[in-house]
1. Somewhere in segment A:343-352, is a residue within 19 Å of the chain's Cα centre (by Cα), modelled with pLDDT under 95 and at the interface with another protein chain (Cβ under 8 Å from one of its Cβ atoms)?
2. So, in segment B:36-58, exactly how many residues are in contact (Cβ under 8 Å) with a residue 24 or more places away in the chain and either of a type in the set (A, V, I, L, M) or not assigned by TED's automatic domain parsing to the domain that holds residue B:20 (or both)?
3. Any chance segment B:206-218 includes a residue that's among the hydrophobic types (A, V, I, L, M, F, W, C), over 18 Å from residue B:137 (Cβ atoms) and either under 24 Å from the mean Cα position of the chain (by Cα) or not assigned by TED's automatic domain parsing to the domain that holds residue B:258 (or both)?
4. Could you list all residues from segment B:383-414 that are of a type in the set (S, T, N, Q) and within 43 Å of the chain's Cα centre (by Cα)?
5. Give the residue that is surrounded by the fewest Cβ atoms within 10 Å (Cβ to Cβ), with candidates limited to residues of segment A:115-141 that are of a type outside the set (Gly, Ala, Ser) and more than 16 Å from the chain's Cα centre (by Cα).
6. With respect to residue A:331, determine if the residue is at the interface with chain B (Cβ under 7 Å from one of its Cβ atoms) and at pLDDT 95 or above.
7. Look at segment B:231-278 and say how many of its residues are assigned to a loop (DSSP other than H, G, I, E, B) and either at the interface with chain A (Cβ under 9 Å from one of its Cβ atoms) or touching a helix residue (DSSP H, G or I) at 6+ places or on another chain (Cβ under 8 Å) (or both).
8. Tell me which residues, restricted to segment A:344-360, are under 10 Å from residue A:415 (Cβ atoms) and of a type in the set (Gly, Ala, Ser).
Number of protein chains: 2
Amino acid sequence: MDRVRIGLVGFGTVGGSFYRLLTANAGEFERRLGVAVDVPWLAVRDASRPRNVAPGTRVVQGWQAILDDNDLPIVVELAGGAEAPLPLVREALSRGKHVITANKALLSAHGRELLALAAENGVELKFEAAVCGGIPIIKVLSESLLGNRVRSIVGIVNGTTNYILTRMTEERLSFAEALAEAQKKGFAEADPTLDVSGGDAAQKIGLLGSLAFGCWIDPACVLTEGITTVEQKDIEFCQASGFQIKLVAQARLMDGVPLVTVFPALVPLDHPLAGVRNEFNGVLVDSDYLGPSMYEGRGAGGNPTASSVASDLGDLLKGILSKQVRRPFAGALPLAAAFPQGRMRSRYYFHFVTANRPGIWALVTGVCAETGINIESVHQKWEDKSKPSDLYVLVDEAEESQVRLAFSRITAAEGIRPASHYLRIVPSPAGGR
Amino acid sequence: MDRVRIGLVGFGTVGGSFYRLLTANAGEFERRLGVAVDVPWLAVRDASRPRNVAPGTRVVQGWQAILDDNDLPIVVELAGGAEAPLPLVREALSRGKHVITANKALLSAHGRELLALAAENGVELKFEAAVCGGIPIIKVLSESLLGNRVRSIVGIVNGTTNYILTRMTEERLSFAEALAEAQKKGFAEADPTLDVSGGDAAQKIGLLGSLAFGCWIDPACVLTEGITTVEQKDIEFCQASGFQIKLVAQARLMDGVPLVTVFPALVPLDHPLAGVRNEFNGVLVDSDYLGPSMYEGRGAGGNPTASSVASDLGDLLKGILSKQVRRPFAGALPLAAAFPQGRMRSRYYFHFVTANRPGIWALVTGVCAETGINIESVHQKWEDKSKPSDLYVLVDEAEESQVRLAFSRITAAEGIRPASHYLRIVPSPAGGR
């Protein structure tokens, strides 16, 4: 198997998550690309603190060892800060190393120079993780929509303010209370200014707009208003009128010229962004061939951000390995084993069409009891004694096999009509959305 | 500029849209990749019919000319049918040509063989357009989530049935009426069996599951139930209970083994799939590092599908051009011109905090009249005469500059408190979602 060595700078929330991802999911890289990734160097600010790394990784202070390693084609910069990592990134690109960064502040301040420097040196500067955490919006704009002209990007791109506004809306908290809660949960910094002022969102929408429209948008030119003026009264009134208040970042072409803005706005309840709650991000892109498309997920946090760093790493590895790359479907795949359908579990909904006579409820509830199915509720809709009744039954999670058995017993009984049927209930996704 | 020649097979809805995309958005390929794409051959079933193509494109019957052209590295198969294009795709891959296809039926029946054949010949078989039209779900699963282990995919992957169920829910149509409407609008075939039976969704979720889990899932092993049993009564009851009925396709790992299903199910209203309406598709993926992420857009139609074909073409072109490839940000970007913020337009919401005395309504409505702002509604919340009132005003689309002028005039007047402010209203996206 091919091996590629990378240098990691930074071991905070994102750096630590990414290192763990490389360890835990090494098999995914091997299976999909046929490559093993080694991390010979981890550069940190204070190398004297103990770090939980494998014996193959040397922890060093400062990044010189990484720059000087000639058998190391990729530098992953996860240290943060708009200015501190600038010399590292400049020098790495100049020496012909690819750079992956999650550093939105660095890109916002120096991206134009650094991207040009990368191009000059025939290497890549990748930054999927710098905008909207785990949402693959950079790849979507630069690859999936390659054949499209993008007309507009409308997004919720700051998780802190979205969390605050969600809590103000759903729990009637004041701004101060919601902010305090966000800080307690780690969704807001001790100094929340950059987030609540809209500045963070402006940096992100500037990068997205630059990518979509092919011209550099200076974040200082983004019309930026924060959420501190939004009061509980606004939220109550807007909700009653069919709107959610969200911090909305937009980049749109107006007569061929970009208009880029960040401000709190009323979003109609039927707008796809209205359902983006808590710390989640969502981005709605409108382009000429695809039309509207929407991308949604966790916009921050160590693991989601590490997922995007890994995506950039995968792209670079494919390029480096070029011809040897295994594509996802390379070679004959093993046939999938089939999970027994009877063992699938979910909540269920039954609709029995029944004769209108005594004994039906006892039949249904009795069979459920025999087959171990836990009833949540039973509703009967009965309009006219002379007609069949509709009996609706919602039940707790059960196995498909139990449900099939119960259903066949019930529908085999007298008084149950053939139109009876059942449906499964999809659970709300885990993860609090 | 580099030029790459491709062969196009099929000129129906998708083929025609893709050809038009190449013509209309040639500039995007040139700007982003530095390449011009030529289509020397268009293979169709009946070459005698007139086709609206550029002089550089020769319309031929049958695909032999494309196979025999040794300076043509990419074949785009948009003819459709599970069996008819099989010899073409086999032969193209065997001759070392990359193949792009939007043909889900072909892949579902022969994908395992064809993918292995592509790998043997060192070329790629790309099929972003085969699943969920314009949604970049193939790229997300194979590239963006490369460092993740996927736990589950839950999606609405068939636009026809989603349209039918949406119309049954929102307009109380019967299944037959909704189907007739879908057929009239071009969202359902004359023979709708493959869609309403769940068979189309089973082919798609089989492909997505195969990609996510790295093993081939035979669509014949997918538990498949259609929507024909769903009645208006079910929909009414479920809605009253907080659910939408959707045709849900799922692939999930159960004890490490795939369980793949398609059936109509109740989806809670707070589930992100509940908001996927009409002919739209949506796919919710849960993976270990990213957590839940959601992808939504048009799942069918000529233009959205052409957008995905173009994405595949872009990927192949990057590989073919390798070192010469211009990345999206290659070179110094031109600085963006700034659209005048004052000319931005939207609907607006004003919240004036006012003294409780006569003349306030006249002031506000008078200034709006002077500045040409069209009032939609005015609501006053007035609880206690001794306290300030809250006056909420919703107005029609206006220019930011008008609104700033009106706002400054109103807030400069006596009786208007400094806490007054305004917000912009984001429109629901165009395209009927």
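The values are calculated or read from the model by the stated rules, or taken from the named source; none is laboratory data. Quick caveat, the model's predicted, so the values are computed rather than measured. We place every Cβ from the backbone using ideal geometry, glycine too, and count neighbours over all the protein chains shown.
1. Looking only at segment A:343-352, we keep the residues that are within 19 Å of the chain's Cα centre (by Cα), and these are none.
No, segment A:343-352 contains no residue that is within 19 Å of the chain's Cα centre (by Cα), modelled with pLDDT under 95 and at the interface with another protein chain (Cβ under 8 Å from one of its Cβ atoms).
2. Qualifying residue count, segment B:36-58: 8.
3. No, the conditions are met nowhere in segment B:206-218.
4. Selection gives B:401, B:402, B:408.
5. Step one: filter segment A:115-141 for residues of a type outside the set (Gly, Ala, Ser), giving A:115, A:117, A:120-121, A:123-128, A:131-132, A:135-141.
Retained after the next criterion (residues that are more than 16 Å from the chain's Cα centre (by Cα)): A:115, A:117, A:120-121, A:123-126.
Details: A:115: 24, A:117: 19, A:120: 13, A:121: 16, A:123: 23, A:124: 23, A:125: 24, A:126: 25.
Filtering first and then ranking leaves A:120.
6. On the way: at the interface with chain B (Cβ under 7 Å from one of its Cβ atoms): yes; at pLDDT 95 or above: no.
Judged against the criteria, residue A:331 is not a match.
7. Going residue by residue through segment B:231-278, those that are assigned to a loop (DSSP other than H, G, I, E, B) are B:231, B:241-242, B:255-256, B:269-271, B:276-278.
Narrowing further to those that are either at the interface with chain A (Cβ under 9 Å from one of its Cβ atoms) or touching a helix residue (DSSP H, G or I) at 6+ places or on another chain (Cβ under 8 Å) (or both): B:231, B:241, B:255-256, B:270-271, B:276-278.
Of the residues in that region, 9 qualify.
8. A:355, A:359
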